[in-house]
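Structure first, then comments.
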Amino acid sequence: AQSVTQLDSQVPVFEEAPVELRCNYSSSVSVYLFWYVQYPNQGLQLLLKYLSGSTLVKGINGFEAEFNKSQTSFHLRKPSVHISDTAEYFCAVKKGSNTGKLIFGQGTTLQVKP
Amino acid sequence: NAGVTQTPKFRVLKTGQSMTLLCAQDMNHEYMYWYRQDPGMGLRLIHYSVGEGTTAKGEVPDGYNVSRLKKQNFLLGLESAAPSQTSVYFCASSYSGPETQYFGPGTRLLVL
């Protein structure tokens, strides 16, 4: 069974500093990878996704992620964070078939401090 | 467009009571999903539907039933609520698969 592991449950960072949120997955087949953001008391919004092609994926709000097949990772990065980026971030994976299911990681809370 | 809406926003139940959560989408999406979110566990898929009249089990289907009688609605039922079903429930929909899911605002359920 495939799984998704987000290596940090909480990441505190100061405003304007860079940040990396780590995500590893386990799968022996091709995968599609996603990052979602959840602001307090709201549903999830898609930040970015990797389906195929370039391994560097750019998303909304200045976020980007890099698919690394050899390390089975899909880490999320932003060069300079804002207070408004404080939220919970979820990594998710879907197998390369039409199963209709996403498997989510446990979530990482990004706390941006002034 | 309202997107994905969920009714109710918050509910308190006693153990053994039943209730139905309603999810509605106005984007003509084929796929709809019900998830539960618990602290430290991310989102777990309860049931999903790939079209009107179809449903399928997800990771954690026990204790829940679903129905998709109309394309725009996906109902989640709890026949006999248990404290372990205290959670935040999210509905989502997508056009042709899970690649781009749109989420509702969530329903907070407390079972005493």
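What does the charge count near residue B:52 come to, summing +1 for each Lys or Arg and -1 for each Asp or Glu among other residues with Cβ under 13 Å from its Cβ?
+2
Tell me, what HN-Hα J-couplings in whole Hz come from the Karplus equation 6.51 cos²θ - 1.76 cosθ + 1.60 at θ = phi - 60° for each residue of the range B:46-56, using x for Gly and Pro?
8, 9, 8, 9, 9, x, 4, x, 10, 9, 8
With an 8 Å cut-off on Cα pairs and a minimum separation of 6 or more residues, tell me the relative contact order of chain A in percent.
Working: 281 pairs, mean separation 43.0, N = 114.
After rounding, I find 38 percent.
How far apart, in nanometres, would the label points at residue A:15 and residue A:61 be if each is projected 7 angstrom from Cα along the Cα-to-Cβ direction?
Placing both labels 7 Å along Cα→Cβ, they lie 1.6 nm apart.
Treating the beta-carbon of each Lys and Arg as +1 and of each Asp and Glu as -1, no other charges, what is the dipole magnitude of the protein assembly as shown about its Cα centre, to the nearest 20 debye? Numbers along the way, then the final one.
Values: 20 positive and 16 negative charges, 79 e Å.
That gives the protein assembly as shown a dipole magnitude of about 380 debye.
If the only charges are +1 at each Lys and Arg Cβ and -1 at each Asp and Glu Cβ, what is the size of the charge dipole of the range B:5-112 around the Cα centre, to the nearest 20 debye?
Computed about the Cα centre, the dipole is about 320 debye.
Quick one: net charge around residue A:51, please, counting Lys, Arg +1 and Asp, Glu -1 for every other residue with C-beta under 12 Å from its C-beta.
+1
Cα to Cα, under 20 Å, and not fewer than 8 places away if on the same chain: which aspartates and glutamates meet these conditions relative to residue A:101?
Output for residue A:101: B:30, B:38, B:52, B:59, B:62, B:99.
Assuming 0.36 nm per residue, please report the length gained on full extension of the stretch residue B:70 to residue B:15 beyond their Cα-Cα distance.
Stretched out fully, the residue B:70 to residue B:15 stretch lengthens by 16.8 nm.
How many nm is it between the label spots at residue B:30 and residue B:62, if each spot is 7 Å from the Cα in line with the beta carbon?
It is 3.3 nm.
May I ask you to derive the FRET efficiency for residue A:71 and residue A:113 from their Cβ-Cβ distance with R0 = 41 Å, giving the value to the nearest 0.05? Present the calculation step by step, with values, prior to reporting the outcome.
Numbers: r = 30 Å, r/R0 = 0.72.
After rounding to 0.05, the efficiency reads 0.90.
Output the pairs from A:49/A:69; A:49/B:70; A:58/A:94; A:49/B:71; A:113/B:9 with a Cα-Cα distance over 21 Å in this structure; if there are none, say none.
Listed pairs above 21 Å: A:49/B:70; A:49/B:71; A:113/B:9.
Relative contact order, percent, of chain B when contacts are C-alpha pairs under 8 Å separated by at least 6 residues?
It rounds to 35 percent for chain B.
Which of the trypsin sites (Lys or Arg not before Pro) across the range B:9-66 are loop residues per DSSP, with 15 or fewer other Cβ within 10 Å? Walk me through the intermediate numbers first.
On the way: sites: B:9, B:11, B:14, B:36, B:44, B:57; in loops: B:9, B:14.
Here the trypsin sites (Lys or Arg not before Pro) that fit, given the DSSP loop and packing criteria, are B:9, B:14.
Each reported figure results from applying straightforward, stated rules to the coordinates on display, with no laboratory input. Just so we're clear, the structure is a prediction, and the values are computed from it rather than from any experiment. We place every Cβ from the backbone using ideal geometry, glycine too, and count neighbours over all the protein chains shown.
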